[in-house]
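Colleague: Below is a structure I'd like to ask you about.
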Amino acid sequence: MGSIFISETLVMMFIQVLPPLLSWQENLLDATLLSCMVFPATYLLAFRPLKTQILNYQEAEDYLRIAAIAFEAHEGIMITDADVNILKVNSAFTHITGYSNNEIIGKNPRILASSRHNADFYVAMWESVNSTGTWDGEIWNKRKNGDIYPEHLTITAVKNANNIVTNYVGTMSDITMSPSAAEEIHHLAFYDPLTELPNRLLLRDRLKSAVASGHRSGRKGALLFIDMDDFKTLNDTLGHDMGDLLLQQVAERLTACVRESDTVARLGGDEFVVMLEDLSEKVSDAAIQTENIGNKILDSLSQPYRLAVHDYRCTPSIGASLINDHEQSIEELMKQADIAMYQAKASGRNALCFFDPQMQVCIAARVALEADLRLALTENQFMLYYQPQVYHNRQIIGAEVLIRWHHPQRGFVSPVDFIPLAEETGMILPIGLWVLETACAQIKSWESSEHTRHLLLAVNVSARQFHQTDFVEQVRMVLHRCAINPNRLKLELTESLVLDDINDTILKMNALREIGVCFSMDDFGTGYSSLSSLKKLPLNQLKIDQSFVRDLTIDPDDAVIVQTIISMARNLGIGVIAEGVETETQRAFLELHGCPLYQGYLFSKPVPIEQFEQLIQPN
Ligand code: C2E
Ligand code: MG
Ligand code: MG
């Protein structure tokens, strides 16, 4: 404090002795003096001895040197005359603006002006300089290379003893941020330091663009609010450090549950938000996708945690809301998910709740269907129906077995409605095995009669079933148990199943072909099999999808597709069958173009075994 006081005294004294010296200084020091005005510290250093009036040339030279060093400071300095023509700039100025001393001398600083400010801005700036002697502020200027950049600028008017402005001094510092500093500031502003997850601010930002892009694409999104149950107890019993560890592990698990394009954010405390984008366009499908991910999160976060030396278990409560309507405000969306989360807590924790009442109904219906499906096998609610496959003379060569579910309350449930759910939940595995066993048992029972022992049964195999590692073994076991001729069994695979993992498919198909099982490619033409992949597959038959057969006689494109499939099969040396044949015209067309086998309502709908056996009775 003391030294500052002395310095101020010195300045006062200096100001008093300055006028007589000024003309001398002006002659000798020009910019140096001015730089001292800009840097009061230099001022003091350079002129401190003036107090004692011992100014000789040696000392003057020393002061000049000091002042000259000060002039070459980090800040850019520009000195103009009273008419604002540039007299001198320092090297920091050159560094910032790109203009060297020689290039800029004599020019007006206007040369640096960017178009970011209007005339009023400059008028106000100069009014301030002229009335108060100074202006201080941020300004956008233009470098020699044309770049516009922000700088902090101070303009000081320098006056002589008669109070006439002799010079202006501008000092400037470039306040363009370095990329790394900008990055750090961005990170601090938008990320949670504990978990490194986006914070509330960034989430809001992303939510805003998700709403907009959802509106454009029609695709739905979802918000999941996640709150850890009893987090406070953990903090109270094991301490905040353990609480922090838990939050970090929760963050990692959440991130692992979603796609990279989704957002996992931490709002604070033990509150996390997951934002899903690019879900289905259909609300009910988007709800199911959200539910699946919600359940995955529920499962992952309920696994035991290791917090330093402690084993710890806890569960989350999750609330979900759908991003569906672009007119919903961000606040509304967040509120909905929050409310749903409290519903989850109220329902006994470790649960997932949807906000949308309509969605909640959808999910509830599916959950009920799933529960019923689990009972269907043990309660013997499934049946197999048989749909004849016939030769062109209407001789029945076999049947496709199609599953039917007769539910005591629901009545008949279409496989179209429950097979996908069975696939998703894994229940297709026991169901598929049941179908296979029932079909093989039927083949066995037909062996005893000469009217039926030639019949072939086609069984639909779903992707999940086929891709089980022991699928081949399962089929072998069933064939062995039923002791049937494997030639009587045909497995129907779809193109998507085959293409899913073509190498695995080829291995399994070959293994089964070796023991005599046949293969048909179901719904052929609806997928994307290439000729080269078809050639690799040991197929016995292509089954023309019913969608092409349906419009065969009205849509020339379908007619061409059907003909192409038939000749493709012929070229591959394999059989072909058409499904969904409903009219004689369709059948005739197919026969004319070389398709000898048909399945469809023209011959029979899928029927229970008794009715099917009546169809094959010799009349
Ligand atoms: P898919 O294998 O393509 O079966 C053919 C479907 O077309 C059957 O429907 C059949 O009833 C129907 N259909 C047959 N002829 C005609 C016709 O002339 N006109 C019309 N409009 N439709 C005809 P379904 O029985 O409802 O089965 C639907 C799908 O469910 C099947 O398609 C199959 O993908 C699946 N599915 C059925 N049973 C099983 C099964 O046991 N296991 C597996 N994994 N999937 C099955
Ligand atoms: Mg089929
Ligand atoms: Mg089909």
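The values are calculated or read from the model by the stated rules, or taken from the named source; none is laboratory data. The model shown is predicted, which means the values in this text are computed figures rather than measured ones. FYI the Cβ positions are ideal-geometry reconstructions off the backbone, even for glycines, and counts take in every protein chain you see. Accessible surface is based on the protein model in full, side chains and every heavy atom, while ligands, DNA and RNA are left aside. Shrake-Rupley method; radii C 1.70, N 1.55, O 1.52, S 1.80 Å.
Colleague: Using θ = phi - 60° and the Karplus curve 6.51 cos²θ - 1.76 cosθ + 1.60, what whole-Hz ³J(HN,Hα) does each residue of the range 213-228 get, with Gly and Pro shown as x?
Modeller: Per-residue couplings from phi come out as 6, x, 5, 5, 8, x, 7, 8, x, 8, 10, 10, 9, 10, 10, 7 Hz.
Colleague: Pop out the carbon and sulfur fraction of the accessible area of the chain as a percent, whole number, probe 1.4 Å. It would help to have the intermediate numbers written out before the result.
Modeller: On the way: 16760 of 30950 Å².
Taking all protein chains in place, the chain shows 54 percent carbon and sulfur surface.
Colleague: Further question: So which of Lys508/Lys536; Lys444/Lys490; Lys88/Lys142; Lys444/Lys535; Lys282/Lys345 end up more than 23 Å apart, counting from Cα to Cα?
Modeller: Result: Lys444/Lys535; Lys282/Lys345 exceed 23 Å.
Colleague: Rounding to the nearest 20 debye, state how big the charge dipole of the range 181-355 is about its Cα centre with +1 on each Lys and Arg Cβ and -1 on each Asp and Glu Cβ.
Modeller: Using only the charged Cβ atoms, the result is roughly 360 debye.
Colleague: Next question, about the same structure. Assuming R0 = 60 Å, can you tell me the calculated FRET efficiency for the pair Asn145 and Ser300, based on Cβ-Cβ distance, to the nearest 0.05?
Modeller: On the way: r = 53 Å, r/R0 = 0.88.
Rounded to the nearest 0.05, the efficiency is 0.70.
Colleague: Between beta-carbons, use under 9 Å as the cut-off and find the net charge around Met521, counting Lys and Arg +1, Asp and Glu -1.
Modeller: -3
Colleague: Compute the acute angle (0 to 90°) between the alpha-carbon long axis of helix 428-446 and the principal axis of greatest extent of the alpha-carbon atoms of the chain; round to the nearest 10°.
Modeller: With rounding to tens, the tilt is 20 degrees.
Colleague: I would also like to ask the following. Modelling each spin label as a point 7 Å along the Cα-to-Cβ direction, I'd like the Ile506/Asp311 distance in nm, to one decimal.
Modeller: About 4.7 nm, to one decimal.
Colleague: Taking the Cβ of Gly106 as the centre, find all other residues whose Cβ is under 13 Å away and add up their charges (Lys, Arg: +1; Asp, Glu: -1).
Modeller: Summing Lys/Arg as +1 and Asp/Glu as -1 gives 0.
Colleague: Length gain on complete extension for the stretch Arg204 to Tyr601, per 0.36 nm per residue less the alpha carbon to alpha carbon distance?
Modeller: The span from Arg204 to Tyr601 would gain 137.3 nm if fully extended.
Colleague: Suppose the chain between Ala124 and Ser91 were pulled fully straight at 0.36 nm per residue; how much longer would it get relative to their current alpha carbon spacing?
Modeller: 9.0 nm
Colleague: Under a 5 Å amide H to amide H cut-off, with H placed in plane at 1.01 Å, what residues pair with Phe603 once short-range neighbours are removed?
Modeller: For Phe603, no residues qualify.
Colleague: May I ask which residue of Asn485, Val472, Gln387 lies farthest towards the positive end of the charge dipole of the range 368-615, with charges of +1 (Lys, Arg) and -1 (Asp, Glu) on Cβ and the Cα centre as origin?
Modeller: Asn485
Colleague: Another question, then. Among residues other than Thr195 whose Cβ falls under 12 Å from its Cβ, what is the net charge (Lys/Arg +1, Asp/Glu -1)?
Modeller: Its environment carries a net charge of -4.
Colleague: Given a 1.4 Å probe and heavy atoms of the protein chains only, how would you sort Lys282, Lys535, largest accessible area at the top?
Modeller: Sorted descending by solvent-accessible area, the residues read Lys535, Lys282.
Colleague: If you don't mind, another one. Take the eigenvalues of the Cα gyration tensor for the chain, scale each by 5, and report the square roots as semi-axes in whole Å, largest first. Could you put the intermediate results ahead of the total?
Modeller: On the way: eigenvalues 1500, 186, 87 Å².
For the chain, the ellipsoid semi-axes come out as 87, 31, 21 Å.
Colleague: Check Glu492: other-chain or 5+ apart residues with amide H under 5 Å from its amide H, H built from backbone geometry?
Modeller: Answer set, sorted by chain and number: Val459, Asn460, Val461, Ser520.
Colleague: Thr166's amide H: which non-local residues (gap 5+, or another chain) put their own amide H closer than 5 Å, with H modeled 1.01 Å from N in plane and none for Pro or chain starts?
Modeller: Under 5 Å from the amide H of Thr166 lie the amide H atoms of Val158, Lys159, Asn160, each far enough along the sequence or on another chain.
Colleague: I would also like to ask the following. Let me know the charge dipole size of the chain about its Cα centre in debye, to the nearest 20, where only the beta-carbon of Lys, Arg (+1) and Asp, Glu (-1) is charged.
Modeller: In debye, rounded to 20, the chain gives about 920.
Colleague: In degrees, nearest 10, range 0 to 90: what is the angle between the Cα axis of helix 357-378 and the longest Cα principal axis of the chain?
Modeller: 40 degrees
Colleague: Per residue, how much accessible area does the chain show when a 1.4 Å probe rolls over the protein heavy atoms, in square angstrom?
Modeller: Accessible area per residue: 50 Å².
Colleague: Pick out, from Leu202, Leu542, Ser529, the residue whose Cα sits farthest towards the positive end of the charge dipole of the chain, with +1 on the Cβ of Lys and Arg and -1 on the Cβ of Asp and Glu.
Modeller: The residue sitting most towards the positive pole is Leu542.
Colleague: Could I ask something else about it? Give me the number: length gained by fully extending Asn163 to Thr553, i.e. 0.36 nm times residue separation minus the C-alpha to C-alpha distance, one decimal in nm.
Modeller: Between Asn163 and Thr553, full extension yields 130.1 nm more.
Colleague: Would you kindly derive the ³J(HN,Hα) couplings of the range 488-502 from the backbone phi angles with the Karplus curve 6.51 cos²θ - 1.76 cosθ + 1.60 (θ = phi - 60°), listing them in order in whole Hz, with x for Gly and Pro?
Modeller: 7, 9, 10, 9, 9, 10, 9, 4, 5, 4, 5, 6, 3, 8, 4
Colleague: For the chain, what does -39500 (n - 2.57) per DSSP helix run (n ≥ 4), summed and divided by total residues, give at 222 nm, in deg cm²/dmol to the nearest 500?
Modeller: Roughly -15500 deg cm²/dmol at 222 nm, from the helical runs in the chain.
Colleague: Sort Tyr191, Tyr528, Tyr305 from largest to smallest accessible area, using a 1.4 Å probe on the heavy atoms of the protein chains.
Modeller: The ranking, largest first, comes out as Tyr528, Tyr191, Tyr305.
Colleague: Here's a follow-up. Return the sequence-ordered ³J(HN,Hα) values of the range 259-272 in whole Hz as given by the Karplus equation 6.51 cos²θ - 1.76 cosθ + 1.60 applied to θ = phi - 60°, using x for Gly and Pro.
Modeller: Computed from phi, the couplings for the range 259-272 are 6, 5, 6, 7, 10, 10, 10, 10, 7, x, x, 9, 9, 10 Hz.
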